[in-house]
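Q: Can you keep this structure in mind? I'll have questions shortly.
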Amino acid sequence: MKKLAYILLVTSILSCNSEQTEDNTVNEIENTKTEVSETKETEFIIGERIDGPANIRNKPNGEILFELRDNALVEVATKSDNGWYKILIYADIDYNEYEMDSIQKGRPIILDNDTIGEILKSHDVSTGQGGDFAYAMLFGYTHENNIKPETVIENVFKKKLTKNGRNLSNWKEFIQTFKLDKDAIDYDKFETYYNYESSVEDPSPGFRLVLLFEKQNLIGLVHSREVQINNTITHKLNCCYFVTFFDDYAKEEQMKFFEYMNEWIQGVD
């Protein structure tokens, strides 16, 4: 998302509080797919995508605020609330609308000049700006079945690990598909590729997934979310991070990086 670099500089995100009313249709769940299917490697996934159309609500199983079309890109909280995830959309607004404090029913939701949904109930919003653009932050909740599992990077990583092996040359398409950046950590031994966590819970998120390569071979990963992989050893780092190494990587080298990362995390907190 072209705005992300600007958005991460915004100092705070105000809560989006919506008046709660009764809704006799709150029990509907639009989709029930859970299996991780193949996605063409030539397509950009970037992050979680909506399996839609999907209703976005003011709380788990609550009142509908807006609808998102199929394949809309969303930011998703790290943990669910009984199967419901808090999500965030940075919707385009006119620059002169920066000071608005609510968004009106019937308004299309536009992201990077593409209509991805519609506001179904007028509600409060917070806004931000950067450079020559402005945006409204649309928060809400959606059921986990409305998020395509094949767009969750941890799911795809585990599936590709079986298929791709651990040589860097076989991970180029994965890196491109999720638009991973290079050089996450200044550690001479490793070549690293990474993405950031969701900004739903933190306006300045840290790493979500960092692939660690040594001499063109995947030797481990730093991660903020749970990833269970066979034949690996996981160490709990400071803050909310873990580092997982394949068990054929020397334990002495594992501990060197573990100590380095803990110092590094303390330095950036």
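Quick note: the coordinates plus some simple rules give every number you see, no bench work behind them. Quick caveat, the model's predicted, so the values are computed rather than measured.
Q: Using θ = phi - 60° and the Karplus curve 6.51 cos²θ - 1.76 cosθ + 1.60, what whole-Hz ³J(HN,Hα) does each residue of the stretch 92-104 get, with Gly and Pro shown as x?
A: Result, ordered by residue: 5, 9, 5, 4, 7, 9, 3, 8, 5, 10, 8, 10, 9 Hz.
Q: For the stretch 211-227, what does the Karplus curve 6.51 cos²θ - 1.76 cosθ + 1.60, with θ = phi - 60°, yield as ³J(HN,Hα) per residue in whole Hz, taken in order and with x for Gly and Pro?
A: 7, 10, 10, 10, 6, 6, 10, 6, 10, x, 7, 9, 8, 9, 10, 5, 9
Q: Excluding same-chain pairs closer than 8 in sequence, count the lysine pairs in the stretch 152-268 whose Cα atoms lie under 21 Å apart.
A: 25
Q: List the lysines whose alpha-carbon lies under 21 Å from that of Lys121, not counting same-chain residues fewer than 8 positions away?
A: By straight Cα distance, Lys121 reaches Lys59, Lys86, Lys105.
Q: Could you list which residues have their amide H under 5 Å from that of Asp51, counting only those 5 or more apart in sequence or on another chain, with H placed in the peptide plane?
A: Asn71, Ile147, Lys148
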